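The structure under discussion appears below in the form of structure tokens.
The values are calculated or read from the model by the stated rules, or taken from the named source; none is laboratory data. Values in this document were obtained by computation on a predicted structure and should not be read as measured data. No Cβ is skipped: glycine too gets one built from the backbone with ideal geometry, and neighbour counts run over all protein chains shown. Just the protein is used for accessible areas: all its heavy atoms, side chains included, with ligands, DNA and RNA removed. Shrake-Rupley method; radii C 1.70, N 1.55, O 1.52, S 1.80 Å.
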Amino acid sequence: IYNSDITFTDTGGGGRIYATANQVAVYVSNGRFTFSGGYIVNTYSPEKGSAYGIYAKRNSVVNITAGSVVAETAVMAWPATVNITGGIIRGTYQAGLRVNGDKDTQTASSANIYGGYISCFDYAGIYGDDNAVISFHGGAVYGKYGIYLYDKSEVTVNGGDIQGLEASAAVARKSRFTLNDGNLDGSVITEYEGATFVMNGGSINTTGSDIAVMGNAEEGHGGVRIVINGGT
């Protein structure tokens, strides 16, 4: 999809965009793609690199309202804006949703999540890097890590459920994590220079773990900041 606005709607049932020998099932460049039903599946598994269900670049906009996206990385924004209100987004290896800014131009990528189910049991349900800005208002995120942020990224959680199945519910490395409302199952870890965790509400439950909130400074590069104003 180049410089175009495309909507995929599954009116008959069983509609499918199916890739088996390409790294991308749907590629969006400087355009808009709305996915409101059916399936996007990429079964390609390269030895190096990754396979994507939806790959959006050059400040494109992707809207997902329903349907199912399955790939090694189900949805990639680099840089782009992703809006999710429903559907199933399942990463089979790296991430359900990956949000990458452009380090060279300092252009941010963003994701706004109001519903749906996002998962990747091998790594991160949501992965953000290089100026990723993520707003999570509802829905569910599951992964080895629920949300993993790196390098000047930020996430604000205003509701919903986030679970780290084998590790942490949220990791903010050189990034900022704000919890206003919602439920986290698994620890919150802030690491390295400039990392910040602000908790204004919501809850963190660490069944089977003895750490709810942890800060890990980097020697010679400053500490981390943890502010708890409310919540459980």
Subject >> Wholly enclosed strands (runs of 3 or more DSSP E) of region 150-232 bearing at least 1 residues touching a His at 6+ places or on another chain (Cβ under 9 Å) and of a type in the set (A, V, I, L, M, F, W, C) >> reply: 154-164
**OP:** Go through region 131-163 and count every residue that is open to solvent by 20 Å² or more (accessible area, probe 1.4 Å) and of a type outside the set (Gly, Ala, Ser).
**Re:** 15
Original post:
Given Val224, Val133, which one is under 27 Å from Ala66 (Cβ atoms) and in contact (Cβ under 8 Å) with a residue 12 or more places away in the chain?
Top reply: Val133
Original post:
Quick one: what pairs do we get from region 1-19, first residue within 25 Å of Arg58 (Cβ to Cβ) and polar (S, T, N, Q), second in a strand (DSSP E or B) and open to solvent by 60 Å² or more (accessible area, probe 1.4 Å), C-beta under 8 Å, 6+ apart or different chains?
Top reply: Ser4/Arg32
Subject >> Residue check, Val82 touching a Lys or Arg at 6+ places or on another chain (Cβ under 7 Å) and at pLDDT 95 or above >> reply: no
Subject >> Which listed residue, of Phe8, Phe35, is aromatic (Phe, Trp, Tyr) and within 18 Å of Tyr114 (Cβ to Cβ) >> reply: Phe35
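One line per residue, one yes/no per condition, for (1) open to solvent by less than 10 Å² (accessible area, probe 1.4 Å); (2) touching a residue at least 24 places away in the same chain (Cβ under 8 Å); (3) out of contact with any Leu (no Cβ under 9 Å at 6 or more places or on another chain):
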{"position": "Met76", "(1), (2), (3)": "yes, yes, no"}
{"position": "Gly91", "(1), (2), (3)": "yes, yes, no"}
{"position": "Asp104", "(1), (2), (3)": "no, no, yes"}
{"position": "Ala111", "(1), (2), (3)": "yes, yes, no"}
{"position": "Tyr117", "(1), (2), (3)": "no, yes, yes"}
**OP:** Give the residue, chosen from Ala169, Ala217, that is of a type in the set (Gly, Ala, Ser), open to solvent by 50 Å² or more (accessible area, probe 1.4 Å) and in contact (Cβ under 8 Å) with a residue 12 or more places away in the chain.
**Re:** Ala217
Original post:
Just one of Arg98, Arg32, Arg58 is under 14 Å from the mean Cα position of the chain (by Cα) and charged (D, E, K, R); which is it?
Top reply: Arg98
